[in-house]
1. Would you tally the net charge around S143, using a Cβ to Cβ cut-off of less than 12 Å, leaving S143 out, and scoring K and R as +1, D and E as -1?
2. Keeping to pairs on different chains or 8 or more places apart, tell me how many lysine pairs in the chain have Cα atoms under 14 Å apart.
3. Can you give me the accessible area per residue for segment 35-147, using a 1.4 Å probe, in Å²?
4. Which shape class applies to segment 46-85: rounded if a/c is under 1.5, otherwise prolate when a/b exceeds b/c and oblate if not, where a ≥ b ≥ c are the square roots of the Cα gyration tensor eigenvalues?
5. With a ≥ b ≥ c the root eigenvalues of the C-alpha gyration tensor of segment 12-67, is it rounded (a/c under 1.5), prolate (a/b larger than b/c) or oblate?
6. So what does T78 come to for accessible area, using a 1.4 Å probe and Å² rounded to 10?
7. Is segment 1-128 rounded, prolate or oblate when judged by the Cα gyration tensor, a ≥ b ≥ c being the square roots of its eigenvalues, rounded requiring a/c under 1.5 and prolate requiring a/b larger than b/c?
8. Alpha carbon centre of segment 45-119 versus segment 122-141: separation in Å?
Amino acid sequence: MRTKISPLKSEIQIKELDVKGDHRGCLVSIEGSIDAPFEIKRVYYIFGTKSGIDRGKHAHINLQQLLVCVSGSCTIKTQDARGEVIFTELEAPNKALLISGLVWREMLNFSDDAVLVVLADGHYDEADYIRDFNDFLQRAEHSQILE
Ligand code: T46
């Protein structure tokens with residue numbers, strides 16, 4: 001059962017994760033409610049994305065996510081409710097992108113070796129997706145009026 005109030009204020013934030021390294025190599029740990037600013041309910045990862053293929057192209061009604069490209073690189077294009085478009089390069093395993101609230105997202109420029117890990121605060125729910133861009137724009141306009 002989700003108890004959060006929707007829609008969340010949109011937020012797009014780069015977070016630098018702590019790297020614990022020693023002579024053997026490196027380790028990054030992401031703890032729920034500490035490194036990720038939410039309780040983690042789901043983890044999924046995207047790999048083997050074909051060259052020139054873009055993914056995403058949707059927003060969420062009520063979901064917070066932390067994205068980390070743990071191998072290779074990709075670009076995340078986001079557009080928030082105010083219409084601000086940001087391109088974020090995820091090219092290091094300790095660089096994370098927090099996306100919450102009403103944000104349209106697209107993932108592009110995947111390198112052949114890209115593995116994009118996503119931590120989410122909700123279980124998979126197709127009903128939470130806004131897949132129509134005009135629907136997103138209407139909701140964004142409405143959320144701005146309410147602000
Ligand atoms: C997002 C971006 C960053 C599941 O069964 N469970 C899951 O948890 C997810 C995420 C997907 N699926 C199924 C649904 C589709 O049949 O996997 C298939 C591919 O999903 P989708 O086309 O939504 O994947 P992307 O890469 O376009 O988007 C994903 C997430 O869906 C989305 O929430 O923010 O990554």
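The values are calculated or read from the model by the stated rules, or taken from the named source; none is laboratory data. Only a predicted model underlies this, so the values are computations on that prediction, with no experimental measurement involved. Don't worry about glycine lacking a Cβ; one is built from the backbone with ideal geometry, like all the others, and counts go over all protein chains shown. Just so you know, the surface numbers come from the protein's heavy atoms only, side chains and all, with ligands and any DNA or RNA stripped out. Shrake-Rupley method; radii C 1.70, N 1.55, O 1.52, S 1.80 Å.
1. Values: positive: K9, R82, R139; negative: D80, E141, E147.
Charge balance in the 12 Å sphere: 0.
2. Values: K4/K41; K15/K95; K20/K95; K57/K77.
Lysine pairs meeting both conditions in the chain amount to 4.
3. On the way: 5590 Å² over 113 residues.
Normalised by residue count, the accessible surface of segment 35-147 is 50 Å².
4. Numbers: a/c = 2.05, a/b = 1.66, b/c = 1.23.
Since a/c reaches 1.5 and a/b is larger than b/c, the shape of segment 46-85 is classed as prolate.
5. Numbers: a/c = 2.46, a/b = 1.29, b/c = 1.90.
Oblate shape, in that a/c is at least 1.5 and b/c is the bigger or equal ratio.
6. 0 Å²
7. Numbers: a/c = 1.75, a/b = 1.23, b/c = 1.42.
Oblate, because a/c is 1.5 or more while a/b does not exceed b/c.
8. Each part reduced to its Cα centre gives a spacing of 16 Å.
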